[in-house]
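Undergrad: Could you have a look at this structure, given as structure tokens, before my questions?
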Amino acid sequence: MDFQRINCATPDGSSFNLEALYKLLPACFTEKDVTDPDGIHHVEHVVDFEKLRSFLGEDNIADDGDEVYDFTWVGKRSARSDAAAPINKTLRPYPEESVNWDTTKNLYIEGDNLEVLKLLQTSYMGKVKMIYIDPPYNTGKDFVYHDSFHISREDYEEESGVIDEEGNRYRKNLATNGRFHSDWCSMIYARLLVARSFLTDDGVIFISIDDNEVDNLRKIGNEVFGEANFIAEIIVDGTPKNDPYVVSTAHEYCLVFCKNLESIKLANYGVSNPAFKDLLEIYKQGGDNYALIEENLKKYYDEHDLNGDNIANYHFADESGVFRIGPIDDPQSSGPKDERLNPKTGRPCATPSSGWRCTRATWDSWIRDNLIWFPDTDDKLPAKKTYITEDRLDVMRAYFKMQTRKDTDALKRLFGTPYTPFSNPKPVELIRSFIENCNDKEMVIMDFFSGSGTTFHATLLQNNADEGHRKCILIQLPEKLEVTSTQSNKEKKITQTAIDFLESHNLPVNICEIAKERCRRIGKQYDSSTSNNGGLFGQIDEPKLDIGFRVFKISDTLFEDVKKAPSEYSQDNLDLFLNNIKSDATDLDLLFGCMLQWGVELSLPLISKEVAGCTVYNVNDGDLVACFADNMGNEVVDTIADYHPLRVVFRDSCFQDDAQKMNLIEQFKQRCGWSEEDAIKRIRVI
């Protein structure tokens, strides 16, 4: 007999869309019997388009001749195909470049971010609460990834004529390029299509951008996430440009989209203002003397220079607490204009010209709950009260003032160099404010244009501030710093003098190496544990603050290509049918490759155990157990069964014959209570 094999390629992206559609409209699917490459028969759900049309209604389906609102560009269809196309690659672990490998939940991954996202999709779909990215701004100097998974490297070179000495698929998107905007749109569109699937239902994505593509990015975001799920366009005010024309601009933007607005409303986003506790203490000390409380509130705002802050609006007090007042008229100018009494005077209130913002029933309930402030005279409008409570949260505002120079100087100090190892790093406090506003100490954060590692830095700072356990996934294409000799062209570039200094002091000039070194140095400033890279797979106590990260790098598949015509084989390479695993693939490479394909998170704890000369790997206490040793004996199988695993992986070479495979199934049936169907479902081979 034969077990089901681990698939070497990532799933076709369209399969995720079909799964989502099936959950929504199962009646629009029918079944088709298919046979996979391993010869195993199974049933697939496929769309019945006639049923789908009938369910949606003809009026809701656009025909080819209809005029419709659409945002398109040259290459959009190809970008959509690139986003869905499977790839035959993997991620290899690098424990020696990692920090606290055994205990950390953070990941640092080097590679083309679209490929890496595809590899992570099965394991992290629907698990990321916040994504932050700072993609190339398309200034005519930045790199734009060229995604052509369906053609060979040779064909790509012939088509484009530009590829670096290491074969990397990225190039400058010069303003003279006829597809200047189209290429950028295709690049970001493909990545956002895949990235959306990572978000939790209440997840958000923050995307930094400038004037060059903000308009196009907004349209692409509306298409990918849905226009109803647009949250805000944050203004990030920074350093003015040196060469303005007519108007000197000093700001960038950060577009915010969510996965599902209705889920966001229930997710408790926001930040508790630390001043709230002080205000409540002032109220407590004032007793029933509300005039004294209001006087002390004003003194507090003066002493702490808060009079220009929104919190200074909370300068009223009554028997229910400290409150501010706001308008009670209808902002849409369509509210009811019925007569309503002022309980203080016993006469009708002044009626707002735009109408009341609430119905009469809501008005009555607000009065019962003491949520309306009434004036002493009838010529003034009443107002809506908002009270401070200890658990009150305020969401961040769509304006952020940053000082880029501050973060650049901090990076110089961190590396101990007069030259910045990375120009224009994103402000740590900007990203930290995004993280804090999510109000989730356990969330997963992703940055797939991670640059110098600012998102890791911000995550660590916030975890340290509130004892959180947020986990971070950084993805970055390895790029060498580019040299510029001009003062007006320094975006993400440094001078040759700076590079010479960095190299002479053994400091990195590759973006990924800079980021990893930054993360190491920042971590050391907060390290309160004794754990380190030693004790690989050991069971050591987790540090209070996770300062570590597991390093992975994208790689070609671990398997040799055996899909050739018979005439292409010689006697020397026929053994590929017996063992098609590449000779340089380690057990750890195979293990994490299997975790990716089977949807197991790469950050889960891992221990190993030697049994009868074989190494058994146990991921997260039985989530996945693997053994890749030749001629595995019954003692090893017994050990694996004792873990009561959810998934088990072996190499073909673990078995001598089919009889041993049948015996393996019987052992799992007896020791774990599996049925034969369970065994076939839970056991894979490579």
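Undergrad: So Cys358 clears everything in (1) crowded, with 16+ Cβ neighbours inside 10 Å; (2) assigned to a loop (DSSP other than H, G, I, E, B); (3) at pLDDT below 90 except one condition, right? Which one?
TA: Cys358 satisfies every listed condition except (3).
Undergrad: Which residues, counting only those in segment 111-139, are touching a helix residue (DSSP H, G or I) at 6+ places or on another chain (Cβ under 8 Å), small (Gly, Ala, Ser) and part of a loop (DSSP other than H, G, I, E, B)?
TA: Correct list: Gly126 only.
Undergrad: Right, next: Within segment 596-607, which residues are surrounded by 17 or more Cβ atoms within 10 Å (Cβ to Cβ) and touching a Ser or Thr at 6+ places or on another chain (Cβ under 8 Å)?
TA: Keep residues of segment 596-607 that are surrounded by 17 or more Cβ atoms within 10 Å (Cβ to Cβ), which gives 596-598, 600-603, 606.
Once the filter is applied, which keeps residues that are surrounded by 17 or more Cβ atoms within 10 Å (Cβ to Cβ) and touching a Ser or Thr at 6+ places or on another chain (Cβ under 8 Å), segment 596-607 yields Leu596, Gln597, Trp598, Val600, Glu601, Leu602, Ser603.
Undergrad: Scan segment 394-404 and tell me whether some residue there is part of a helix (DSSP H, G or I), out of contact with any Asp or Glu (no Cβ under 8 Å at 6 or more places or on another chain) and at pLDDT below 90. Spell out the reasoning first.
TA: Pass one, segment 394-404, residues part of a helix (DSSP H, G or I): 404.
Applying the additional criterion that residues be out of contact with any Asp or Glu (no Cβ under 8 Å at 6 or more places or on another chain) yields 404.
Narrowing the set further to residues that are at pLDDT below 90 leaves 404.
So far as segment 394-404 goes, yes, one or more of its residues are part of a helix (DSSP H, G or I), out of contact with any Asp or Glu (no Cβ under 8 Å at 6 or more places or on another chain) and at pLDDT below 90.
Undergrad: Please name all residue pairs, on different chains or six or more residues apart, with Cβ atoms under 8 Å, provided the first residue is in segment 9-20 and is within 17 Å of Leu596 (Cα to Cα) and in contact (Cβ under 8 Å) with a residue 12 or more places away in the chain and the second residue is among the small types (Gly, Ala, Ser) and surrounded by 15 or more Cβ atoms within 10 Å (Cβ to Cβ).
TA: Asp12/Ala84; Asp12/Ala85; Gly13/Ala83; Gly13/Ala84; Gly13/Ala85; Phe16/Ser197
Undergrad: Separate question: Here is a list of conditions, (1) out of contact with any Pro (no Cβ under 8 Å at 6 or more places or on another chain); (2) not in a loop (DSSP other than H, G, I, E, B), and Glu442 meets all of them except one; can you say which number that is?
TA: Evaluating Glu442 over (1) out of contact with any Pro (no Cβ under 8 Å at 6 or more places or on another chain); (2) not in a loop (DSSP other than H, G, I, E, B) leaves (2) as the failure.
Undergrad: Looking at Asp391, is it in contact with a strand residue (DSSP E or B) (Cβ under 7 Å, 6 or more places away or on another chain), over 30 Å from Ile494 (Cβ atoms) and either in a loop (DSSP other than H, G, I, E, B) or not assigned by TED's automatic domain parsing to the domain that holds Glu482 (or both)? Can you show your working first?
TA: On the way: in contact with a strand residue (DSSP E or B) (Cβ under 7 Å, 6 or more places away or on another chain): no; over 30 Å from Ile494 (Cβ atoms): yes; either in a loop (DSSP other than H, G, I, E, B) or not assigned by TED's automatic domain parsing to the domain that holds Glu482 (or both): yes.
No.
Undergrad: What residue, of Leu574, Leu604, is farther than 25 Å from Leu646 by Cβ and either outside any helix (DSSP H, G or I) or at pLDDT below 60 (or both)? Let's see the steps before the verdict.
TA: Values: Leu604 fails: farther than 25 Å from Leu646 by Cβ.
Being farther than 25 Å from Leu646 by Cβ and either outside any helix (DSSP H, G or I) or at pLDDT below 60 (or both) holds for just one of Leu574, Leu604, which is Leu574.
Undergrad: Looking at segment 266-284 only, could you name the residues that are modelled with pLDDT under 90 and part of a helix (DSSP H, G or I)?
TA: The answer is Ala275, Phe276, Lys277.
Undergrad: Let me ask something else about it. Would you say Glu429 is part of a helix (DSSP H, G or I) and acidic (Asp, Glu)? So that I can check it myself, show each step before the final result.
TA: Values: part of a helix (DSSP H, G or I): yes; acidic (Asp, Glu): yes.
Yes.
Undergrad: Within segment 448-466, is even one residue farther than 27 Å from Ala190 by Cα, part of a loop (DSSP other than H, G, I, E, B) and touching a residue at least 12 places away in the same chain (Cβ under 8 Å)?
TA: No: zero hits.
Undergrad: What are the residues in segment 240-265 that are at pLDDT 90 or above and in a loop (DSSP other than H, G, I, E, B), if any?
TA: Lys259, Asn260
The values are calculated or read from the model by the stated rules, or taken from the named source; none is laboratory data. As the structure is a prediction and not an experimental result, all values here were calculated from the model. Note: ideal-geometry Cβ built from the backbone for every residue, glycine included; neighbour counts use all protein chains shown.
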